[in-house]
Amino acid sequence: ITGRSKGVDVLREIAGKVFMYHVYGASIPYDGGKYGLGVLSKERPLNHYSVVLPGREEQRQLLVVEFDRYVIGCTHFSLTEEDRVSSVNIIEQEAAKMKKPFFLAGDLNAMPESEVMNQIQKDFLLLNNVKHFTIPANNPNRCIDYIAYYTGNGESAGGKITADKPFTVLSSRVVEESMASDHRPVIVNIRFKARQSEIFRTRPYLQNPVDNGMTVMWQTHVPVYSWVEYGTDTVNLTKVHLLRDGQVICNNMNHKIRLTDLKPGQKYYYR
């Protein structure tokens, strides 16, 4: 709440309008109130705290927010190179403590080819495309805003992860928006790998037993690559995929596979 925001708690106001939880961490006193970092989430946070980072022009911080399956670190780096380098060391030490996947997001005030970003990529994998510029918002010509995943122990190897990660990056983009901020929003869409017990929504069931065929149908909670294996004995089974325009559908949640050329009176096995 500051004079600039006319006494409105902006983060709380936005959270209420979009039905999300909010966490705020104040960095400095500013304009009759406080100025800092905020995180909005659909999931209720389990815990949050702030870690002080160096800032010569103003105090900086890392806002750490823990959720059920992951931890978010939100930050805004200093304008001074030495402070940014020191901040990377502090954040790496903090990330190393986590028992869950750790993601870093924020304005790092550093170009992709800078020493700061080279240092970060020793232990972090950048998830957004740095060729998608973020500032200035009205006509961006560089990227200084990032979302990254902590790989730990130097496993990122020049920006390319060498260890298995618990999620898949589905997309990355920068939104063409210039009203809310002098930076454009960075969006990375990821999906965590589902636990085995979380995959199936329904058991397979049989439908449409006509024309010497049978349809096997089921649903899953997450998109998966799937198939049906069937035959007259359990040893030699034929694999059948869902095809569309000659291509296998491999990212689907509603599964419908047709078995054909079945012989009446014959016993078949399927899985």
Reachable lysines from residue 256, criterion Cα separation under 29 angstrom, eight or more residues apart if same chain: 193, 239, 267
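Please give the length that would be gained between residue 194 and residue 1 if that part of the chain were fully extended, namely 0.36 nm times their separation in residues minus their C-alpha to C-alpha distance (nm, one decimal). Don't jump to the answer; show the numbers that get you there.
Details: separation 193, 0.36 × 193 = 69.48 nm, distance 3.99 nm.
Going from the current span to full extension adds 65.5 nm.
Rounded, prolate or oblate, given the Cα gyration tensor of region 83-213, with a/c below 1.5 counting as rounded?
Details: a/c = 3.06, a/b = 1.66, b/c = 1.84.
In terms of gyration-tensor shape, oblate.
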For region 1-99, what percent of Cα pairs sit more than 15 Å apart? 65
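Whole number in Å², please: accessible area per residue of the chain, 1.4 Å probe, ligands, DNA and RNA not counted.
On the way: 16410 Å² over 271 residues.
Spelled out: the 1.4 Å probe surface of the chain, per residue, equals 61 Å².
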Cα pairs beyond 14 Å in region 84-151, in percent, come to 57
Share of the chain's accessible area from carbon and sulfur, percent, 1.4 Å? 51
Note down the net charge around residue 131, summing +1 for each Lys or Arg and -1 for each Asp or Glu among other residues with Cβ under 14 Å from its Cβ. +1
Relative to the first principal axis of the alpha-carbon coordinates of the chain, what is the inclination of helix 81-96, with its axis defined by its Cα atoms, in degrees from 0 to 90 and to the nearest 10? 40
Cβ-based charge dipole, the chain, positive-most Cα from 259, 175, 64: 259
Residue 6: which lysines have alpha carbons under 25 Å from its alpha carbon, excluding same-chain residues fewer than 8 sequence positions away? 17, 34
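The values are calculated or read from the model by the stated rules, or taken from the named source; none is laboratory data. Computed from a predicted structure; not experimentally measured. Every residue, glycine as well, gets a Cβ built from its backbone with ideal geometry; the counts of neighbours run over all protein chains shown. With ligands, DNA and RNA removed, areas are computed over all heavy atoms of the protein, side chains included. Shrake-Rupley method; radii C 1.70, N 1.55, O 1.52, S 1.80 Å.
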